[in-house]
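Written out below as structure tokens is the structure these notes cover.
The values are calculated or read from the model by the stated rules, or taken from the named source; none is laboratory data. Here the structure is a predicted model, which means the values were calculated and not measured. No Cβ is skipped: glycine too gets one built from the backbone with ideal geometry, and neighbour counts run over all protein chains shown.
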Amino acid sequence: MRHDYGDCYFYGGEVVEKIIELEFRWKGQLYILEGVPAGICQQCGEKYFTAEVSKAIDKAVESGEVKRIVNVPVKELKLMGV
């Protein structure tokens with residue numbers, strides 16, 4: 001079921017529903033959730049979630065179920081003069 005998200009709260013751009021991969025931090029842990037329906041602002045990229053999807057995200061992260069584990073390299077940005 002597709003949802004009408006209305007226009008972007010921040011920039012007024014059109015919000016279109018897409019299925020995305022969501023990077024989500026919870027209690028210091030990084031999670032990647034696949035297959036997440038989200039409204040995406042076509043102007044700024046802001047993501048919008050329905051209440052149902054938000055609850056499902058919380059439930060997925062709180063559950064112990066894991067599809068797979070990936071290694072993620074961590075880099076440090078070093079700016080000259082800072």
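Filtered by the rule that a residue be under 23 Å from Gly64 (Cβ atoms) and without any contact (Cβ under 8 Å) to a residue 12 or more places away in the chain, region 10-45 gives Glu23, Arg25, Lys27, Gly28, Gln29. Look at region 53-77: where a residue is under 26 Å from Gly39 (Cα atoms) and a partner is assigned to a loop (DSSP other than H, G, I, E, B), sitting 6+ places away or on another chain with Cβ atoms under 8 Å, you get Ile57/Phe49.
Exposed (fewer than 10 other Cβ atoms within 10 Å of the Cβ), touching an Asp or Glu at 6+ places or on another chain (Cβ under 9 Å), modelled with pLDDT of 95 or more and outside any loop (DSSP other than H, G, I, E, B): is that true of Ile40 in this structure? Criteria not met by Ile40. Residue count for region 1-45, restricted to those that are in contact with a Cys (Cβ under 6 Å, 6 or more places away or on another chain) and charged (D, E, K, R): 0.
Residues in region 2-31 that are surrounded by 14 or more Cβ atoms within 10 Å (Cβ to Cβ) and among the hydrophobic types (A, V, I, L, M, F, W, C) were compared, and the one that is nearest to Lys59 (Cα to Cα) is Phe24.
Assess whether Arg68 counts as being part of a strand (DSSP E or B) and farther than 19 Å from His3 by Cβ.
No; evaluated as a whole, the condition is false for this residue.
The single condition among (1) out of contact with any strand residue (DSSP E or B) (no Cβ under 6 Å at 6 or more places or on another chain); (2) assigned to a loop (DSSP other than H, G, I, E, B); (3) surrounded by 10 or more Cβ atoms within 10 Å (Cβ to Cβ); (4) not β-branched (Val, Ile, Thr) that Leu77 does not meet is (3).
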